[in-house]
Amino acid sequence: MTRELPLVTLTHPRSPAAEAYRTLRTNLTFAGLDKPIRSLIVTSAAPGEGKSTTLANLAVTMAQGDRRTILVDADLRRPSLHRIFGLPNEPGLTTMFVDEASRTDPPLLETGVEHLWLLPSGPLPPNPADLLGSRPMEEIIASLLERADFLLFDAPPVIAVTDAVVLSTRVDGVLLVVQAGRSRREHVQQAKQLLERVQARLVGAVLTNAPSDSVMGAYYTDEW
């Protein structure tokens, strides 16, 4: 299989965009000085705003910084990380709910990037939000954290379904992807309100598709 989407952090590691991802990695590190961030959701307000590509590049950058990183596809409705890395989608996260043995031996896949593993979504379930909010999900997260310095989750858009909001209560923080020229202000505000309602820790936002004269040419992070 081949990658469906380019990972700029691998194909153009000296580009402004790749450097911006390294800046994002640094900013997340500083954001966690008082309360360390080891598990993080990357999501967006609405579909089509680049969350999965952003997350995949961030994960590569984390791994390139010699941090053991596990990338989890918790978008149990429209998973895409397996296509980005050219890997199979089964077994995966949902397998760990039905096979207790896999909770102690997660079906992690090598990505070809040192220190980076992928846990794909696995077979799509009929009740994603129920699974992500369950006690077994807590056990799965704990098991994965024993194997990684960072645990990064891809989750569905916040205002489309409840999955990301439910999962946000299980992790250390949430990073919201906003696409210049596409994301609607009212959608971003609604997503922020939904996350705050469950007291999720919203660590910041990443702007994608920004004009070339913006910070580092492509992306930035900011504190709410």
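When only C-alpha pairs under 8 Å and at least 6 residues apart count, what is the relative contact order of the chain, in percent? The partial results should precede the final answer.
Working: 452 pairs, mean separation 62.3, N = 224.
Computed over the chain, the figure is 28 percent.
Compute the length gained on full extension between Leu33 and Arg14: take 0.36 nm times their separation in residues and subtract their Cα-Cα distance, giving the result in nm to one decimal.
Details: separation 19, 0.36 × 19 = 6.84 nm, distance 2.76 nm.
That works out to 4.1 nm of additional length.
In debye, nearest 20: dipole of the chain around its Cα centre with unit charges on the Cβ of K, R (+) and D, E (-)? List each step's numbers first, then the result.
Values: 22 positive and 26 negative charges, 99 e Å.
In debye, rounded to 20, the chain gives about 480.
Once fully extended, how much extra length lies between Ala180 and Thr23, figured as 0.36 nm per residue of separation less the alpha-carbon to alpha-carbon distance?
54.6 nm is the gain from fully extending Ala180 to Thr23.
Using alpha carbon centroids, what distance separates the range 83-138 and the range 12-59, in Å?
First find each Cα centre; the distance between them is then 21 Å.
Quick one: net charge of Met137's neighbours, Cβ under 12 Å, K/R +1, D/E -1?
Its environment carries a net charge of -1.
May I ask which residue of Ile37, Leu144, Leu24 lies farthest towards the positive end of the charge dipole of the range 8-222, with charges of +1 (Lys, Arg) and -1 (Asp, Glu) on Cβ and the Cα centre as origin?
Of the listed residues, the answer is Leu24.
If you work out Rg/Rh (Cα atoms, Kirkwood Rh) from the coordinates, which of (1) 1.23; (2) 0.96; (3) 0.93 do you get?
Looking at Rg/Rh (Cα atoms, Kirkwood Rh) for this model, the match is (3).
Bear in mind that the values in this text are calculations on the coordinates, not laboratory data. These numbers were taken from a predicted model, which means no experiment stands behind them. In this analysis, Cβ positions are derived from the backbone assuming ideal geometry, glycine residues included, and neighbour counts consider all displayed protein chains.
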